[in-house]
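Let me begin by presenting the structure, written as structure tokens, before commenting on it.
The values are calculated or read from the model by the stated rules, or taken from the named source; none is laboratory data. Everything numeric here is computed off the predicted structure, so don't read it as measured data. Positions of Cβ are generated from backbone atoms using ideal geometry, with glycine treated the same way; all protein chains shown enter the neighbour counts. Just the protein is used for accessible areas: all its heavy atoms, side chains included, with ligands, DNA and RNA removed. Shrake-Rupley method; radii C 1.70, N 1.55, O 1.52, S 1.80 Å.
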Amino acid sequence: MDDIPALKMNFSQSPTIWKFLNDDSFVRGLMGPVGSGKSYACCAELFKRAVQQKPSPRDGIKRTRFAIVRNSYPMLKTTTLKTWLELFPEDVWGPLHWSPPITHHLRLPSRDNAAGIDCEVIFLALDQPKDTRKLLSLELSGAWVNEARELPKAVIDGLTHRVGRYPVKADGGPTWRGVIMDTNPPDDDHYWYRLAEKEKPVGKFKWKFFKQPGGVVEVPTDKVPDDMPEAQGFVFSANRWWKQNKKAENIDNLPRGYYEQLLGGKNLDWIRCYAKGEYTFVQEGKPVWPEYDDGMMSADLEPEPGVMLHIGLDFGLTPAAVFAQKMPSGAWHVLHEIVTFDMGLERFATILKSEIQSRFPKYDISIWGDPAGAQRDAIYETTAFDHLKTHGLLSRPTASNDFKVRREALAAPMGRLIAGKPGFLVSRKCVRVRKSLGGGYHFKRVAVGAGHERFKDQPNKNEHSHIGDAAGYCLLGGGEHRRMTRGATTNHKKGYYIARQDFNVYG
């Protein structure tokens, strides 16, 4: 084992990373642009903790066990594992065991006066709240969540009660326990933003967040030289001038001109997130509603007295609700939203009823939901609509839950102009609806070839999809379905709809 090289990583020129590595907060987060050295820092942190672990009184071995978590196995293999193996290659530290869960055992024997090391690393994919059950049997010293913005907070919460449980007291107990996280900047409605910028948990087991400088800075036009600015390191992209930030970290380990090469052909949101390191919503894939223009279709809206209020519901363990009015002119105004995560129908119904009573107490209300909610629950033998009825919420299924029909119910009014204004407007306060319509609900890109992009036929079900579907059910039930099917034939075998004044299914 004498040929094992030392792990030499110098973070002295990266002040934020240096502070991160020298902090002992129970949960630590490191956020920065691409290329800023976040993943390498987290790898180094785990190994540092393995080296600092006190030896077992039984045999003098320093024992630790860490979990490294990513949102999916493909991403785990193509990114996280590649970084780990670059620092801890298999030909030096021994082979990975690829049978799930993937594990890597780093072992160094005791020699001279130095204690031996036995560091077990478990690689996991935990992209859904339900996946936290994978953690239930783990006894860990600590954990690293790689690209934390892509994982639900339930995963982080699950890890916090699995760390500090290894090694056992007979082996001296853990010298350190904690959860470290790294990420590119998330959106400003993400739990990371809330905890890092607003709530800032404190106490003995506090959470602490570190934000690295951006890789680039925006340069005012009047500060850009007229003579060959590109030759002087200035890059023009997204109708703005940019230059590498003098305070950017990890520059010495990046190719020359790394950040300049990233900027070409990128939109402003992409640059702000991945190069400038700011909290930003970045559209991924092909939007379900490319017709939506947030600049034109978001507005300051208030409920119109005397106009029916329609509520659209999407069920499941992430139920959502959208409140909207169809104005006398025919324009739709989306006024309010409810977004929940990992919540049953009972609690959701209580919240829904409370919101109706507090915000819209004097309005006639029509509630519409996913027709799948008309199916009886296998345990309680009641439908979602029946359950809502027990709370005094009379709701009905829409005529269809076909995705294309639901999409068109929203797309159609987006294409209308009524008295010079869009036929579809969303309150600026409905942040989740706007994010969903703006590309949060999207079709995943599956291939790029011959100059063309290809996307999946079905949209990506994510945290933005439920509120988007709720909006679709709201407008379907509120009249868009009748408008879409007016004059349709009655040929059921060919899949046509019947155009009737009262088409809604009451179950």
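P(r) for the range 228-387, from all Cα pairs and a bin width of 5 Å, is 1, 7, 12, 12, 12, 10, 9, 8, 8, 7, 6, 5, 2, 0, 0 %, short bins first. Taken about its Cα centre, the chain carries a charge dipole of roughly 660 debye when the Cβ of each Lys and Arg holds +1 and the Cβ of each Asp and Glu holds -1.
With the convex hull of the Cα atoms taken as the outline of the chain, the averaged projected area works out to 31.5 nm². A 1.4 Å probe run over the chain, with the rest of the protein chains in place, finds 50 Å² accessible per residue. Listed by chain and number, the lysines whose alpha-carbon sits under 21 Å from that of residue 286, ignoring those within fewer than 8 places in the same chain, are 266, 404, 435, 444, 456, 461. Going 7 Å from the Cα of residue 296 in the Cα-to-Cβ direction, what parts of the range 404-442 have a backbone nitrogen less than 15 Å from that spot? Under 15 Å, as judged by backbone N against the label point of residue 296, lie 411-426, 438 of the range 404-442.
What does the charge count around residue 16 come to, taking other residues whose C-beta lies under 13 Å from its C-beta (Lys +1, Arg +1, Asp -1, Glu -1)? Net local charge, residue 16 excluded: +3. With all protein chains in place and a 1.4 Å probe, the accessible surface of the chain carries 50 percent carbon and sulfur.
The distance between label points at residue 307 and residue 278 comes to 3.4 nm (points 7 Å beyond Cα on the Cα→Cβ vector). The range 392-447 and the range 13-44 have Cα centres separated by 40 Å.
Where only DSSP H runs of four or more residues are counted, the chain gives -5500 deg cm²/dmol as its mean residue ellipticity at 222 nm, each run worth -39500 (n - 2.57).
Nearest-5 percent of antiparallel DSSP beta bridges in the chain?
If we restrict to bridges inside the chain, about 45 percent are antiparallel.
Under the convention that each Lys and Arg Cβ holds +1 and each Asp and Glu Cβ holds -1, the size of the dipole of the range 167-250 around its Cα centre is about 740 debye. Based on the Cβ-Cβ distance of residue 18 and residue 107, what FRET efficiency does E = 1/(1 + (r/R0)^6) give at R0 = 35 Å, to the nearest 0.05? With R0 = 35 Å, the Cβ-Cβ based efficiency is 0.75. Partners of residue 429 within straight-line reach, counting aspartates and glutamates whose Cα lies under 13 Å from its Cα and excluding those fewer than 8 residues away in the same chain: 189, 294, 300, 302, 337. If the chain linking residue 355 and residue 86 were pulled fully straight, counting 0.36 nm for each residue of separation and taking away their Cα-Cα distance, it would gain 91.6 nm. Residues of the range 288-328 falling in the label zone of residue 362, defined by backbone nitrogen less than 16 Å from a point 7 Å along Cα to beta-carbon, are 302-309. Stretched out straight at 0.36 nm per residue, the stretch from residue 222 to residue 99 would grow longer than its current Cα-Cα span by 38.5 nm.
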